[in-house]
Amino acid sequence: MSTTTSWPARLPRPTFDGYALEPQDATSRTDMEAGPARQRRRFTGTPTRIPVRWRMSQIEFATFEAWFRLKLADGAEWFAVDLLSGIGIAGHEARFPGQSGSPYRAVPGRGGTWIVTSMLEVRKPPLLDEGALDIILSEDVSGLFAAIDALHSTLHAGLPGVSPW
C-alpha cells in the first residue's frame, strides 16, 4: 500500500451489520442481433465498495471526526485499514467516496454512543495469488491442511527441543 495515513488503532473495526463486498463491474456487454451477446473485460482494476457501520463511544466519534477532517482532508485521501475479505482480515487501501452528498452519516444512540455508517471504496482488494489458486483448485485442501497440522505437531510437540532451523 502506498498510503501514509492509517485507520486509528483506537477506533473500532466495522461491525458485521450491513457489511458487504460489492465489486464494481469490469466488463462491457454488447447485445447482438443474432446469437449470444459479446462480453469483454474493460478494466483490470476496478474498485470494490463496502458499506460499513461502526458503533463508537463519544470520544471515539470525536476522534473519528477530527481524523477524517485533519488527516484525510475531509475524506479525499486514501488510508490503510484492516477489513474482512475472502482471505480473512487483511490490509486494504480505502477512501470515503461519499454517497448522496455525504461521506458518512452519524446518529447518536443511547448512553453516549454513535452509530456511524458510510461507504468505503477499496482499490486492489487482497486476493489469493495465481499459485495459491492453482493449488486450491487442484489439490485436496482439507487433506493439505491436515498434513500441515500433522507436521506442526510432529515438529513442535513430538520432537521437543529440536528446532527445525
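Test of understanding: given the chain, find the longest segment containing no trypsin sites (Lys or Arg not before Pro) that are in a DSSP loop and have at most 11 other Cβ atoms within 10 Å.
Working: sites that count: Arg10, Arg42.
After excluding every exposed loop site, the longest remaining stretch is 43-165.
For the stretch 1-127, the Cα gyration tensor yields ellipsoid semi-axes of 33, 16, 14 Å (square root of five times each eigenvalue, largest first, whole Å).
Only the Cβ atoms of Lys and Arg (+1) and of Asp and Glu (-1) were treated as charged; on that basis the dipole of the chain about its Cα centre amounts to roughly 720 debye. Most mobile of Val116, Val107, Val52 per a Gaussian network model of the chain (Cα springs, under 10 Å)? Among Val116, Val107, Val52, the largest mean-square fluctuation in the Gaussian network model of the chain belongs to Val107. Counting Lys +1, Arg +1, Asp -1, Glu -1, what net charge surrounds Thr113 among other residues with beta carbon under 13 Å of its beta carbon? Around Thr113, the charge tally is +2. With R₀ fixed at 25 Å, the C-beta to C-beta distance from Ala157 to Ile136 puts the FRET efficiency at about 0.35.
Quick check on the chain: helices-only [θ] at 222 nm, where DSSP H runs of length 4 and up contribute -39,500 (n - 2.57) each and the sum goes over total residues. Nearest 500, please.
Values: 3 runs with 35 residues, N = 165.
Theoretical 222 nm ellipticity from helices: -6500 deg cm²/dmol.
Classify the stretch 43-92 from the C-alpha gyration tensor, please: rounded if a/c falls under 1.5, else prolate or oblate depending on whether a/b exceeds b/c.
Numbers: a/c = 2.62, a/b = 1.51, b/c = 1.73.
Here the stretch 43-92 falls in the oblate category.
Less than 19 Å from a label point 7 Å out along the Cα-to-Cβ axis of Leu127: which backbone N atoms in the stretch 48-92 qualify, by residue? Backbone N within reach: 48-50, 83-92.
Tell me, what is the percent relative contact order of the stretch 1-92, built from C-alpha pairs under 8 Å that lie six or more residues apart? Mind dumping the intermediate values first?
Working: 111 pairs, mean separation 32.8, N = 92.
Here the relative contact order equals 36 percent.
Close amide H partners of Ser6, meaning residues 5 or more places away or on another chain with modelled amide H under 5 Å apart, are Ala80.
We did not get these values from a lab; they are worked out from the coordinates using the rules stated. Just so it is clear, the structure is predicted and the values come from calculations on it, not from any experiment. Note that each Cβ is placed from the backbone with ideal geometry, even for glycine, and that neighbours are counted across all protein chains shown.
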